[in-house]
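Notes for the one structure printed next.
The values are calculated or read from the model by the stated rules, or taken from the named source; none is laboratory data. In this text, all values refer to a predicted model and were calculated from it rather than measured experimentally. Glycine gets a Cβ as well: all are built from the backbone with ideal geometry, and neighbour counts include every protein chain shown. Remember, those area values only see protein heavy atoms, side chains included, never the ligands or the DNA or RNA. Shrake-Rupley method; radii C 1.70, N 1.55, O 1.52, S 1.80 Å.
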Amino acid sequence: MSSLLDTVAEPVWIVRVDAARADVRVITIDNPPVNALSFALSDELLAAVEAAERDASVRAVVFTGAGGIFSGGADVNDFMTEPTEGTVTIRDVVARVERGTKTYVAAIDGNALGGGFELALACDYRIATARSKVGLPEIKLGLIPGAGGTQRLPRAIGAQDALQMMLKGESIKAADAQAKGMLDEVAQSDVLAAAQALLTRVLPTEPKRRISERRAQLGVANLGLFATPFVVAQAHKMVPPEENGGFAAHKLIDAVQAAIELPFARGVAREARLFGELVRSAPSLALRHVFFGERELTKIPDLPPAQPLEIKTAAVIGAGTMGTGIAITFAQAGIPVVVIDPSDAAVEKARATIFGMFKYQVDKGRLTQQEAWKLANSITFEDDFAALADADVVVEAVFESMDVKKEVFAKIDAAAKPAALLASNTSTLDIDEIAAATNHPERVLGLHFFAPANIMKLLEIVRGKATSAQSLVTGVALAKKLHKIGVVSGNAFGFIGNRMLFAYEREAIELAEEGVAPERIDAVMKSRFGFAMGPLAVADLSGLDVYRHIERAAGEQLGRIPIVARLVDEGRLGQKSGAGFFRYDKAVGKGREPIPDPHVDELIAQLAREADIASRGDIGDDEIIARLTGALSQTGADLVRTGIALRPGDVDLVWIYGYGFPPHRGGPMWYGEHA
Ligand code: NAD
């Protein structure tokens, strides 16, 4: 390991040390892009702290971060490796600071997250610029803070608030963090100058002020002797069960309980043990797979190098359900958008939806009146295609009919500027055929949003055979700008997600034909497996007429589901018509709650008899899960094999972000391999 003050030719990571004032040492974490606290960096950091501790002329140490960020936390790659004997981790640095004799200050500009914030919490004082955010997001990776965060945060702000913040994994703005007691000061300008000023003030009076020496207060009204057990028991009840998405949450509650009940050192030891259990746990491994999968998305093998086009303005064709959601998505990303639809009724409805949505954001305190007004007004409506002449991207979201789409694309092509990206939101139609209606098929691709488009994170980016590298990378970059998970898909019927959905629904119906009640299939996939809805309730929500339409359009590609046709013939179109696989009653759950219907059971049994399918009474919950997830992973594997999906991880992301596959199970491909 090089010495700290050595000049390293091209450092991958360095810890910079400066003597700002003779008695103050500034240690700068400089490890682009997010100042990750890798093992290697922690080693340097520890050496820098040791050096400061040894130097009698140093009275205070200031930690800060280079490049507009304090630290994004541990290096997630390091979790994959078991630290060997002698490996230095951020936990060792934090422990050394805790034992240190100097005054420690965290001078934060930008994010201080995870291990970064834990280091700050170990300091005597914390100052941050107004734009900074602090947080402990480990739960999102199925972990808990492992460098004392679970023991210090409850001591700093009270157990109840600390638990909430860590369970949500949320980041808190500097001003709020100060109000809660996580920060001592919000610096108005230069955070290092503010740290120096603070030191001048505190060194003579209160040089040491460790959070570890405080007692963790519960932070709730006095419940007497039983307060802690009561609050802890409540907390355990409020998070998902251990075996279904709540593994890390329960450990986090245990750790916070330790912060209340145990002396600091024992609490830290408990935290370390819990962290060790989690880092090897199946849910955390799955969540880290998702984390890395997201970082792979922009990598498209064998693509010639290309620069994405800059997207400054957008146009959406069609002011229906999807067009409205897509327009809101653009507005929220700061991209002004014009929506073109000849129907006054559609435009009126879209306007009402948009204003209603922004009003809701204001009511929830997420936007100010002014911000909402500005965003709503960045969406304009026109009835003439000439209005799209300035748009850098045009997204078509008109009726799902090839004839209508072809006509619309010819008009878009004539009106758009020469470089514009031309996208279709079609769910089932052939992108190549749509592209052929233009003179610029290389600029055409699919941007398949999911309903509601402004909420759902998934965006399938469909690559046609003529789609240019530049168009594709523009689509990928645009997804990021729109805060979506953009997954590239080949131009196959149903793309990645819906193709798998069809296989999944078909398997659910096969189970029903073999005698499993529809409500049981849904209950197992919901309560035991972790989907928000069961497969048959999903079909009812999408509309059985839509399924039937897709079935017809797909020809032989997807196979048939006879029960769907029968239900549609009976006028049972799903939730919207009050009946599908289940019944819906306006008086029960606002008409959204599926109610089992013996008539459907009878219909399924009859179709099964006609098809000579024997009823089996021995189908257990495990078989239901295995068959349904198996249908997904087999179809996913076919999509990867045929190049429609680039990687198994992409398939997993489609199902997690578009169809509610429980993230702690890693997605259908990961689950298929690891369950
Ligand atoms: P919709 O019926 O709600 O809206 C379609 C809109 O297009 C209507 O407002 C109509 O006035 C307008 N329109 C029709 N012809 C037009 C033309 N020539 N010029 C301009 N506007 C025209 O439909 P939707 O549900 O929003 O679906 C739109 C597209 O999105 C379809 O291709 C659909 O397959 C796809 N999609 C839908 C969903 C979904 O869940 N609804 C999800 C993903 C993709």
> How large is ³J(HN,Hα) for each residue in the range 354-363, as worked out from phi by the Karplus curve 6.51 cos²θ - 1.76 cosθ + 1.60 (θ = phi - 60°), to whole Hz, x for Gly and Pro?
Replying inline: 5, 5, x, 5, 5, 5, 4, 5, 5, 4
> GluC sites (Glu not before Pro), restricted to the range 520-622: which are DSSP loop and have at most 10 other Cβ atoms within 10 Å?
Replying inline: E556
>> For a quick check: with amide H placed at 1.01 Å from N, whose amide H comes under 5 Å from T103's, ignoring anything fewer than 5 positions away on the same chain?
In response: A60, V61
>> Test of the criteria: in the range 572-675, which chymotrypsin sites (Phe, Trp or Tyr not before Pro) are in a DSSP loop and have at most 15 other Cβ atoms within 10 angstrom of their Cβ?
In response: none
>> I'd like the carbon and sulfur percentage of the solvent accessible area for the range 105-215, probe radius 1.4 Å, heavy atoms only, ligands and nucleic acids excluded.
In response: 50
> Label 7 Å along Cα→Cβ of F230; the range 253-281 residues with amide nitrogen under 14 Å?
Replying inline: none
> Taking the radius of gyration and the Kirkwood hydrodynamic radius from Cα positions alone, what is the Rg/Rh ratio for the range 543-675, to two decimal places?
Replying inline: 1.00
>> Need the list of lysines near K374 for cross-linking: C-alpha distance under 27 angstrom, and skip anything on the same chain fewer than eight residues off.
In response: K133, K173, K312, K349, K359, K364, K417, K457, K480, K481, K484
> What is the range 375-472 by shape, rounded, prolate or oblate, if you read a ≥ b ≥ c off the alpha carbon gyration tensor as root eigenvalues and call it rounded for a/c under 1.5, prolate for a/b larger than b/c, and oblate otherwise?
Replying inline: rounded
> Of all GluC sites (Glu not before Pro) in the range 79-135, which ones are in loop regions per DSSP and have a Cβ with at most 16 other Cβ atoms within 10 Å?
Replying inline: E85
> So, with +1 on the Cβ of K and R and -1 on the Cβ of D and E, and no other charges, what is the size of the charge dipole of the range 501-642 about its Cα centre, to the nearest 20 debye?
Replying inline: 540
> Can you give the helix-only mean residue ellipticity at 222 nm for the chain, where every DSSP H stretch with n ≥ 4 adds -39500 (n - 2.57) and the sum goes over all residues, rounded to the nearest 500 deg cm²/dmol?
Replying inline: -14000 deg cm²/dmol
>> Which residue, P441, I379, G72, has the largest displacement toward the positive end of the dipole of the chain when charges sit on each Cβ (Lys, Arg +1; Asp, Glu -1)?
In response: G72
> Once you charge only the Cβ atoms, +1 for Lys and Arg and -1 for Asp and Glu, what is the size of the charge dipole of the chain about its Cα centre, to the nearest 20 debye?
Replying inline: 2100
> For A187, which sequence-distant residues (separation of 5 or more, or a different chain) have an amide H within less than 5 Å of its own amide H, given hydrogens modelled in the peptide plane?
Replying inline: A128, T129, A130
>> For N439, project a label point 7 Å along Cα to C-beta. Then give me every residue of the range 392-411 with its amide nitrogen under 16 Å of that point.
In response: 409-411
> Of all DSSP beta bridges located in the chain, what percent are antiparallel, nearest 5?
Replying inline: 25
> What do you get for Rg/Rh over the chain if you use C-alpha atoms and the Kirkwood form of Rh?
Replying inline: 1.01
> To the nearest whole percent, what portion of all C-alpha pairs in the range 441-498 is separated by more than 13 angstrom?
Replying inline: 54
>> Around V338, under 15 Å between beta carbons, what's the net of Lys plus Arg minus Asp minus Glu among the other residues?
In response: -3
>> Over the chain, with the other protein chains present, what is the accessible area per residue in square angstrom, probe 1.4 angstrom?
In response: 44
> Can you give the angle from 0 to 90° between the axis of helix 227-238 and the longest principal axis of the chain, with both taken from C-alpha atoms, to the nearest 10?
Replying inline: 30
>> If you take every residue apart from H599 with its C-beta less than 13 Å away from the C-beta of H599, what net charge results, scoring Lys and Arg +1 and Asp and Glu -1?
In response: -1
>> In the chain, if the dipole is taken from +1 on Lys/Arg beta carbons and -1 on Asp/Glu beta carbons about the Cα centre, which of F63, P137, V202 is farthest to the positive end?
In response: V202
> For the range 305-377, what class follows from the C-alpha gyration tensor (a ≥ b ≥ c being the square roots of its eigenvalues): rounded when a/c is under 1.5, otherwise prolate if a/b is larger than b/c, else oblate?
Replying inline: oblate
>> Rounding to the nearest 10 and keeping the result within 0 to 90°, find how far the Cα-based axis of helix 321-332 lies from the longest principal axis of the chain.
In response: 20
